[in-house]
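Input: a single structure, listed below in structure tokens.
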Amino acid sequence: MDTIRNFCIIAHIDHGKSTLADRLIQQCGAVDDREFREQILDSMDLERERGITIKSNTITLPYTAQDGKTYSLNLIDTPGHVDFSHEVRRSLMSCEGALLLVDASQGVEAQTVANLYLALEYDLEILPVINKIDLPSADIDRAREEIDSDLGLDPFEAALCSAKTGEGVGDVLEAIVGKLPPPKGDPEAPLQALIFDAQYDSYRGVVMLVRVKEGTLRKGQELFLMHTQKTYQIEEVGLLQLSRNETKTLEAGSVGYVIAGVKSVRDITIGDTLTDAKQRAPEPLPGYRPAKPVVFASLYPIASDDYADLTKALEKLSLNDAALTFEKDSSAALGYGFRCGFLGLLHLEVVQQRLEREYDLALLLSAPTVMYRVKLKDGTDLEIDNPVFFPDPSEIETTSEPYIKAQIWIPERYVGAVMELCRDRRAENIQFNYLTQGRIELTSEIPLGEVVFDFYDRLKSVTQGYGSFDYEMLDYRDTDIVKVDILVNGEAVDALSQLTHSERARQRALHYCERLEDTIPRQQFKIAIQGAIGGKIIARTTISSFRKDVTAKCYGGDISRKRKLLEKQKEGKKRMKMVGAVEIPQEAFVAVLKSEVGK
Amino acid sequence: MSTEPGPKTPAAAAPEMDPAFETQEPAGLYLHVPYCSAVCPYCDFAVRRGDGDRADAFAEVLIREIRDVASGAVAPPDDPAPSRALGRLATSTFDTVYLGGGTPSLLGGDPLAEVLGAVTDVFDLDPGARLFFEANPENVDDPRLARWRDLGVSVLSLGVQSFDDGELKFLGRRHSGREAVVAVERALAAGLGTVSVDLIYGLPDQTLEGWSRSLEQAIALGPDHLSLYELEVNEGTPFFKQRRRGELTELDEDLQAELFHHTHTRLGEAGFESYEACSFARAPRHRSRHNGKYWRHAPYLGLGPSAHSFAAGVRMWNERLEPRWRKRVNAGQSAVAGFESLTAEGFILEALMLGLRTMGGVDLGDLRRRTGIDLATPNRDRIERWRDAGWLHEGDGPHLRPTRLGLAVADRLATELSVP
């Protein structure tokens, strides 16, 4: 056990986390140069493209240190976005130490501080690493000063390296061995192993990634999952070394994988504790928090023929994404689709993009919403995550919505802008905490519904990228939620209904009406587009009837060409959705619904 | 293949030639002269820059195409349909000859005479055939007018486009408003059968008042015919690029409609009939007999680069680019670059879009006789609504005759009718 080190890398975005991981993997010879590709742990195209890690990856690196001993270095990767903070927490729980990466030219950033605090919460030993020392703008002394003043860490412990050139990476490896503690635990004790991630293998079923805290995992052993109360038999255990490497056992302190005949990631829960069915541990490991979807939206295929393909794609995707929930849904305007639950907007966007790219589906997405609670006058309590099921206002006694406790870390100069953003999002109890000179931690209670729409993007924008943000669910509070319907010539378009706070209703309704005005072509009659709460109209635009549609020149040979143009228009008309007598092109739905998420 | 026009089922559609898809009447002959002294930024016709000398050299090649097609010496390869259709056209009687472009008025008198001589030589021309000729104002003077008249030009179409110098500059024209006025006056004095003036309206930033001034000027000059086109920004033109860069904005639909209706109303008051969405005649005899052939699916033969031909449900088009066309003709090959055989559905859509843009409208009963497809029954409610909305004249049963409001939305109506 003395030769095991479990660690993760935490860093501000762009400070070189994936590049350093690549370099460590290369230096330890876990992958030969021929197989090597940039950002090897970010396996999804989407991750590479956006430069963020969405799904954690883990790898065991064999390293022979200067003391002559061969160590197993378990690099546990962590996702870099607040939607996936539950995964970050579980990853941190599997480590004893963390490399805290600081960019030599940019110094300590807000997110570095945030990550440090998160790591300290889990009692991790921190090893500062100053990266990008090859840059002409690198200022190592300043980075050291900031590690001292902003982070309160010993600046002279910091390892210096350039993940890009490979310079100093050897020192980093030595520091991992020398300065990070080995895991503790007793291989003979009752088994306690934390599931911190799971992957789906189409041949073997679910592959659980585990950190063994106490006891030993071995082939043939009967497992008991302490939270889900299920029993499985182990088929295989081993280490993760880019591919799976079977071993006889996984002892306390190790990080590895377990295959135990689990058919779907839905059958297990990440964060659960594995124990031996016959010799059970007295209690599970702490920190269990099931990933619960907090954002809900409906997905519809643009071509209704694609419904069967969408069904298959969601089933496949969910094998590997336990946080994604979905159930059948149907809309009068858009046909069959699915009501889906997501961890947050980024998760939603990732799912949508994966469906579009990996499964080649063109999708429409309804306005995302959170789960509201409604108390009816007759005393019934309802949980509503879909506007379709929102009761008539006359039946409602009270509504309540989920609040989060937001922690926002910012340089002092952005306080004004962030306060304004928070107030705009109906934040309550805004408080400041001076962390160090010039840096502030702002805490506040904000309705989750206000956060799921672009809050994180807005925060990044008003703080020029310096702000970072984390949240935890708080409670439900009384509020005034209304359902805004969009009516086209008096007919409600179900897919465009949304739940929102009454103060926001008019603004949102008008936004939808204006987008529709821009995108619905003129028709034979005047079209009224209205936003309404119950019977009350709160926004309105109109589209005049068409008045002019005839080609100027129509003679000579361009008759074939002109006919083909009209044939195309006729074809487009077939794909329109009818709402009453009004034809609405798909583009109108796309324009309206996209503008919500993409903003 | 049946030669009797008669009802048929849609399943039997897509014949290579179908006489039912042709209106029985004399054919029209179109000759395309692709040269212009400069290319206007809105133009998407097959044109290239060239002076009179080039146009004259071009005439020689055109004459060869005229002779080869008429004698059946060249046949489009690979398919019997265009060959048969061309063969049919070559032996037709023609009652219109149309020289368009480009700028036919760039042609010198002698080459023009040779072209027309070849046409008379090889084609069967009706004794009452009309000769249409497009001319730019800067090419119009008394000697040339006299020559054109002597060569038999009976309809002179003047590419005035505007009487306003600023607008003319914007449109890339080479004449002034004053020159245009003089050209129209001289042409009217030259004793031709019909003088027509072409104008473009709906320019960016044009107002109703601005357009009215040009229109009144045109009415005051007293031409026999007016062709009034709204500016259309087509792909591949300099205006198209300007619009993409945001440097050119088209008028919004409401103002376009306002200008359109003002034009039709005002010309009605001034004694012109709106016999087509963009065409106005002082008397029925001044209507364009040649353009009417396009709108009625009458047979027509087009020669010169990009020219289209039509006979019995087959439409063919020549090589669009002048050098390619020239190479083909000089090599003794057919210049036809492509063709299509109309399906019943395609024929119907064309008949609707063409018919609904003319005063005469479209007779669904006639379409049914030609194609076997009944549009009147499945569209009964829709047609009733259109009559209520004032787009179609009342009565007439299955004969749809557009009102002025209907002419303005003819394309839309054509696509709204459902074809079973």
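The values are calculated or read from the model by the stated rules, or taken from the named source; none is laboratory data. Since the structure is predicted, the reported quantities are computational estimates derived from the model, not experimental observations. Backbone-built Cβ (ideal geometry, glycine too); neighbour counts: all protein chains shown. Just so you know, the surface numbers come from the protein's heavy atoms only, side chains and all, with ligands and any DNA or RNA stripped out. Shrake-Rupley method; radii C 1.70, N 1.55, O 1.52, S 1.80 Å.
Worth pointing out:
- Checking B:Val153, B:Val160 one by one, the residue that is β-branched (Val, Ile, Thr), under 16 Å from B:Ala113 (Cα atoms) and either open to solvent by less than 30 Å² (accessible area, probe 1.4 Å) or in a strand (DSSP E or B) (or both) is B:Val153 and no other.
- Options B:Val197, B:Val233, B:Val181: the member that is among the β-branched types (Val, Ile, Thr), more than 16 Å from B:Ala277 (Cα to Cα) and more than 13 Å from every other protein chain (Cβ to nearest Cβ): B:Val181
- Where strands (runs of 3 or more DSSP E) fall wholly inside the stretch A:304-393, the ranges with 2 or more residues that are open to solvent by 30 Å² or more (accessible area, probe 1.4 Å) and of a type in the set (S, T, N, Q) are A:325-331.
- Within the stretch B:201-214, no residue that is polar (S, T, N, Q) sits with its Cβ atom under 6 Å from a residue that is in a helix (DSSP H, G or I) at 6+ positions apart or across chains.
- Here is the figure for the stretch B:391-420: residues that are among the hydroxyl-bearing types (Ser, Thr, Tyr) and part of a loop (DSSP other than H, G, I, E, B) total 2.
- For the stretch B:214-228, taking the residues that are modelled with pLDDT of 95 or more and of a type outside the set (A, V, I, L, M), the one that is surrounded by the most Cβ atoms within 10 Å (Cβ to Cβ) is identified as B:Pro223.
- Pairs linking a residue in the stretch A:57-72 that is assigned to a strand (DSSP E or B) to a residue that is surrounded by fewer than 19 Cβ atoms within 10 Å (Cβ to Cβ) and among the small types (Gly, Ala, Ser), with Cβ atoms under 8 Å and 6 or more positions apart or on different chains, are A:Pro62/A:Gly29; A:Tyr71/A:Ala65.
- Every condition in (1) surrounded by fewer than 17 Cβ atoms within 10 Å (Cβ to Cβ); (2) at pLDDT 95 or above holds for A:Thr275 except the one numbered (1).
- Against the criterion of being of a type in the set (Gly, Ala, Ser), at positive phi and touching a Lys or Arg at 6+ places or on another chain (Cβ under 7 Å), B:Ala281 does not qualify.
- Selection of strands (runs of 3 or more DSSP E) fully inside the stretch B:20-135 by the criterion of at least 3 residues being open to solvent by 50 Å² or more (accessible area, probe 1.4 Å) and within 27 Å of B:Val314 (Cβ to Cβ) returns B:124-135.
- Among the candidates A:Arg289, A:Arg266, residue that is modelled with pLDDT under 90, closer than 15 Å to A:Val207 by Cβ, open to solvent by 50 Å² or more (accessible area, probe 1.4 Å) and among the charged types (D, E, K, R): A:Arg266
- Residue pairs meeting the criteria (Cβ under 9 Å; at least 6 apart or on separate chains; first within 9 Å of chain B (Cβ to nearest Cβ), in the stretch A:562-575; second hydrophobic (A, V, I, L, M, F, W, C) and not in a helix (DSSP H, G or I)): A:Lys562/A:Cys554; A:Arg563/B:Leu342; A:Lys570/B:Val419
- Lone qualifier among B:Ala389, B:Ala410, B:Ala414 - being within 13 Å of another protein chain (Cβ to nearest Cβ) and touching a strand residue (DSSP E or B) at 6+ places or on another chain (Cβ under 7 Å): B:Ala410
- Here the condition is being touching a Leu at 6+ places or on another chain (Cβ under 8 Å) and at pLDDT below 90; of A:Phe469, A:Phe389, it holds for A:Phe469 alone.
- A single member of A:Asp470, A:Asp475 is within 20 Å of A:Val295 (Cβ to Cβ) and touching a helix residue (DSSP H, G or I) at 6+ places or on another chain (Cβ under 8 Å), and it is A:Asp470.
- Residue within the stretch A:271-280 that is β-branched (Val, Ile, Thr) and more than 30 Å from A:Val592 (Cβ to Cβ) present: yes
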